[in-house]
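Novice: This structure is in structure tokens; I'll ask about it shortly.
Taken together, the values in this text are just the output of simple stated rules run on the coordinates, not laboratory data. The shown structure was predicted, so the numbers you read here are calculated from the model rather than taken from an experiment. Here Cβ is always computed from backbone atoms with ideal geometry, including for glycine, and neighbour counts include all displayed protein chains.
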Amino acid sequence: MTSINQTLDPAGGASASPAGLRPARRRPFSRAAENRRKWYEIIGLTTPAIIVYVMFVLVPMGFAVYYSLFRWRGVGPPTEFVGLDNYTLAFQDPIFLDALRNNAIIVVGSLLIQGPIALAVALLLNRRFRGRTVFRLLVFVPYVLAEVTVGIMWKLILTDGGTVDALLRSLGLGSLVQAWLADLNVVIWTLLLVLTWKYVGFAIILLLAGLSNVPHELTEAAEIDGANWWQIQRHITLPLLGPTIRIWMFLSIIGSLQVFDVIWVTSVPAVRSLGASATMATYMVDNGFFARLWGYGNAVAVILFVISFVAALLFQRFLLRRDIEGAITTRRVN
Amino acid sequence: MAANAVLPPPSSNRRPTSWGSPLTYALAFAIAAVSIAPVVYVIVGGFRTTPSIVANPAGLPDPWVFDNYARVLTQSDFWGQAFNSAVIALGTTLAVVVLGVCAAFVLARYTFRGREVLYTFFTLGLLFPAGAAILPLYLMLRDLNLVNSYFAVILPQVAFALPLTIVILRPFLAAIPRELEDAAAIDGTGRLGFLWLIVLPLSRPALVTVGILAFVASWNAFLLPLLVLSDSSLHTLPLGVQNFSSQYTSDTAGILAFTSLAMLPALLFFTFAEKQIVGGLQGAIKG
């Protein structure tokens, strides 16, 4: 990875030959004119992207912080300044605390369930056998489906007396039948399973990519030395897969903290409003957008943002630093 | 490294593929079944009648009924919603690719003070969750009078797709050999001409990858359209599926048919563009 990174390093490419050695253009521009022209090009080409990015990514978060300090129904400019009250209110609301707990369950549950499954499936599909391309394709199907379709699909399958219940009964496991989406103690675990089904394919894609980067020379050498398949995976493949696993964990954690679509569509509003199936994002939309508590909703948005941001930075700081040089962290070797 | 994922893989080390062991196949079939059984169930269920689904949820169609699909295609807003989804997804894709390639070109091929700061500034966007910004985003679009227009979905989607696009494109554009740029300069072509005549054609695989990632994300998007498109004539397919399922709760067969039809474009698209989607995701993590 490092060696390829170096050859592709944009900075390296650009600074390879000093500016003075550049071939002459049509007319010998004066240095100042050429410099001015360069800056026109730089500004002209980057400005549209910068404007859209600043306006729709950065500015809204700034506004969220501002709005969160008001009690505001969204009509006219916010006037009723309440300081940090919205934040203290959120942390006193048992429903919000339930949402936090649910997010924690989804973060940890996704890592613990998807990780081992994805690793096993990726190792299996990394073996050379006829038809493996088709199997790879099928495993990724849930990941490309829209969250909404996945949600509705599972909602129908899990409905009371639906397919899952019928299958369990026909297998003689009728005692396992639950009110999958209505039982307040069960629903979050049901949703965790749906999320696992939806997103484990993503982990598999990433791990397969990581596996394809493991040099054949290493595994072949080990094979010649008499190592069996398990030993090769354990002592060669897995250690080399470390960076990929850490990047997947990072993406999974951030995604789990923000999860909205599948939860929103699959869970019943009544169950959600009791907190049993709420997440921070559904809580935010329910309160901010639908109940029109805009100040409060924006406070929840800021909390969600800060939690994701801190999680990302911590992960970045302690686990990812060597894996994605250049992206996000500034320290890039020029 | 990102460039690596979109370049054709080197064809070294190709051993002839052989049949795997029965155990390998058994496991692979089991995994594939878990992945697609629910999808198959939905598609097949669309060919049944609601009473027979209620009576026997796990049964097969007997007889096969085409009425549900016909009903969705002729009597619902399916086509209008598919059209809206297509306009928004194509608009998003086009804008992301154009803005992304311009910015990435500057970040890859120009040497100037503040370049790395600008790059970091863009990559920071990877840490800004789109979900968290949705409420202030809605308020801003409302104040700009953009709510209930295609732009209300397209512009934020472009903005949130830009960081990843730039992270994927920059190393790819930087890897184009400097000799080509010098040759273009000797022929009297400026850097903009170089971008248009040489860089764009050469980087087509990377552009296709970022385009497809943006397209799929936009096609599947739910939260943003849910908030900013209250006018039902502008609804996209994900909103349509959700509305249909909550409006006709008792019409299980109809919901199954609608859901399958809404899945179909994504499934077809994925079959044709699987390499780019997978390559793009793989490239993205290593940007």
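Novice: With +1 assigned to the C-beta of every Lys and Arg and -1 to the C-beta of every Asp and Glu, and no other charges, what is the dipole magnitude of chain B about the Cα centre in debye, to the nearest 20?
Specialist: 720 debye
Novice: How many angstrom lie between the Cα centre of the range B:129-184 and the Cα centre of the range A:248-315?
Specialist: Taking the Cα centre of the range A:248-315 as reference, the centre of the range B:129-184 is 23 Å away.
Novice: Oh, and also: For chain A, set up a Gaussian network in which alpha carbons nearer than 10 Å are linked by springs, and say which option among A:Ala281, A:Ala270, A:Ala203 fluctuates the most.
Specialist: Evaluated over chain A, the most mobile residue of the options is A:Ala270.
Novice: Hey, can you grab everything whose amide H is under 5 Å from the amide H of A:Phe70? Only 5+ residues off in sequence or another chain; H modelled, so Pro and N-termini drop out.
Specialist: Under 5 Å from the amide H of A:Phe70 lie the amide H atoms of A:Val82, each far enough along the sequence or on another chain.
Novice: When the helix-only estimate is applied to chain B (DSSP H runs of n ≥ 4, each -39,500 (n - 2.57), divided by the residue count), what is the mean residue ellipticity at 222 nm, nearest 500 deg cm²/dmol?
Specialist: -23000 deg cm²/dmol
Novice: Label A:Phe129 and B:Ala30 with points 7 Å out from Cα along Cα→Cβ: what is the distance between them in nm?
Specialist: It works out to 1.2 nm between the two label points.
Novice: To the nearest 20 debye, what charge dipole does the range A:173-250 have about its Cα centre, counting +1 at the Cβ of each Lys and Arg and -1 at the Cβ of each Asp and Glu?
Specialist: Dipole of the range A:173-250, to the nearest 20 debye: 340 debye.
Novice: Sticking with this one: So what is the relative contact order for chain A, in percent, with contacts set as C-alpha pairs under 8 Å and at least six apart?
Specialist: 27 percent
Novice: So which GluC sites (Glu not before Pro) in the range A:169-263 end up in coil per DSSP with only 13 or fewer other C-beta atoms within 10 Å?
Specialist: Loop-located and lightly packed - none at all.
Novice: Give me a comma-separated list of calculated 3J(HN,Hα) values for the range A:309-318, in order, Karplus coefficients 6.51, -1.76, 1.60 applied at θ = phi - 60°, integers in Hz, x for any Gly or Pro.
Specialist: 5, 5, 4, 4, 5, 4, 4, 4, 5, 9
Novice: Might you report the magnitude of the Cβ-based charge dipole of the protein assembly as shown about its Cα centre, with Lys and Arg at +1 and Asp and Glu at -1, to the nearest 20 debye?
Specialist: So the dipole magnitude of the protein assembly as shown works out to roughly 1880 debye.
Novice: Average the reciprocal distances over every distinct pair of alpha-carbons in the protein assembly as shown, invert the result, and give the Kirkwood radius in Å.
Specialist: Hydrodynamic radius (Kirkwood, Cα pairs) of the protein assembly as shown is 26.2 Å.
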